Amino acid sequence: MHNKNNLKKTLKMKYTIKKIQQLLFLAIIPITTACSDNSSQSQKLGKEKSQGVEKVSSPKTEPVVEANHAESTGDGFDSPLVFSLNDLDGKEVKADDFKGKWLVINYWATWCAPCRDEMPELVKFQQENADKVQVLGIAYEDANIEKLKSFAQDFNVNYPLLTIDVYNPPGFAEEGGLGLPTTIVYNPEGMRHKKHMGPIDSAGLLEMIQ
């Protein structure tokens, strides 16, 4: 009798364990399926992202547009320099007035300390090379004429000082305002020869016209 009861208990326990295993199995199936679906979606999304990254990493290269100096007539690059500006007395000064000479255009301003430092060198250079060189100073600032005249007198400037509209400068003078002082030399034919940014002395100016 005792053995029979033990057998019944053993069978009942085995049945219970089997039912638990079945329930666990049924519960695991949807979880596994969901994980599998999520994994597939993740792989798909990862692939799409990867493809997207590949597309972004290869952007379309836009062509670089080079400056076409030929479009700017009379700038000294593809044709002789042409301009007509006024000096401090209101007199018209043209590039053609100096044909046959080296033209040295110096961009400056009264507030520019290096400009003031190099001014005596420009005066010296003009004085020593007047037979073959003409220096012109272009004031790159919005200042009244009397202030510019006073400056010219203080430094004994012996060459024309010209004025421009600094808010709408002529094409050939635009780069002059990128850094002061700037000196650009044109050969006797009116073609651009050399450019120097920063202060310069008489010896350096002489080298520029070689």
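Cβ-Cβ contacts under 6 Å between residues 6 or more apart (or on different chains), taken from a first residue in segment 155-179 that is closer than 15 Å to residue 88 by Cα and in the same structural domain as residue 127 (by TED's automatic domain parsing) to a second residue that is small (Gly, Ala, Ser) and assigned to a helix (DSSP H, G or I), are listed as 161/152; 164/173.
Scanning segment 63-83 for residues that are modelled with pLDDT under 50 and of a type in the set (D, E, K, R), which turns out surrounded by the fewest Cβ atoms within 10 Å (Cβ to Cβ)?
If we take residues in segment 63-83 being modelled with pLDDT under 50 and of a type in the set (D, E, K, R), then 66 is surrounded by the fewest Cβ atoms within 10 Å (Cβ to Cβ).
Which ranges mark the strands (runs of 3 or more DSSP E) fully within segment 84-130 that have 3 or more residues being among the aromatic types (Phe, Trp, Tyr) and either surrounded by fewer than 20 Cβ atoms within 10 Å (Cβ to Cβ) or within 32 Å of the chain's Cα centre (by Cα) (or both)?
Ranges flagged: 102-108.
Among the residues examined, residue 86 qualifies as modelled with pLDDT of 95 or more and touching an Asp or Glu at 6+ places or on another chain (Cβ under 8 Å).
Applying a threshold of 9 Å to beta carbon distances and a minimum spacing of six or more residues, or different chains, the list of pairs starting in segment 181-197 at a residue that is within 19 Å of residue 141 (Cα to Cα) and ending at one that is assigned to a loop (DSSP other than H, G, I, E, B) and small (Gly, Ala, Ser) reads 181/109; 181/198; 182/198; 183/198; 184/76; 197/179. So, in segment 135-151, of the ones that are surrounded by fewer than 20 Cβ atoms within 10 Å (Cβ to Cβ) and touching a residue at least 24 places away in the same chain (Cβ under 8 Å), which residue ends up farthest from the chain's Cα centre (by Cα)? Of everything passing the filter in segment 135-151, 149 is farthest from the chain's Cα centre (by Cα).
Residue check: is residue 189 of a type outside the set (A, V, I, L, M, F, W, C), over 16 Å from residue 110 (Cα atoms), assigned by TED's automatic domain parsing to the domain that holds residue 106 and at pLDDT below 95? So residue 189 does not fit the description; no.
The values are calculated or read from the model by the stated rules, or taken from the named source; none is laboratory data. Not measured: the values here are computed from a predicted model. Neighbour counts run over all protein chains shown; Cβ positions are idealised from the backbone, glycine included.
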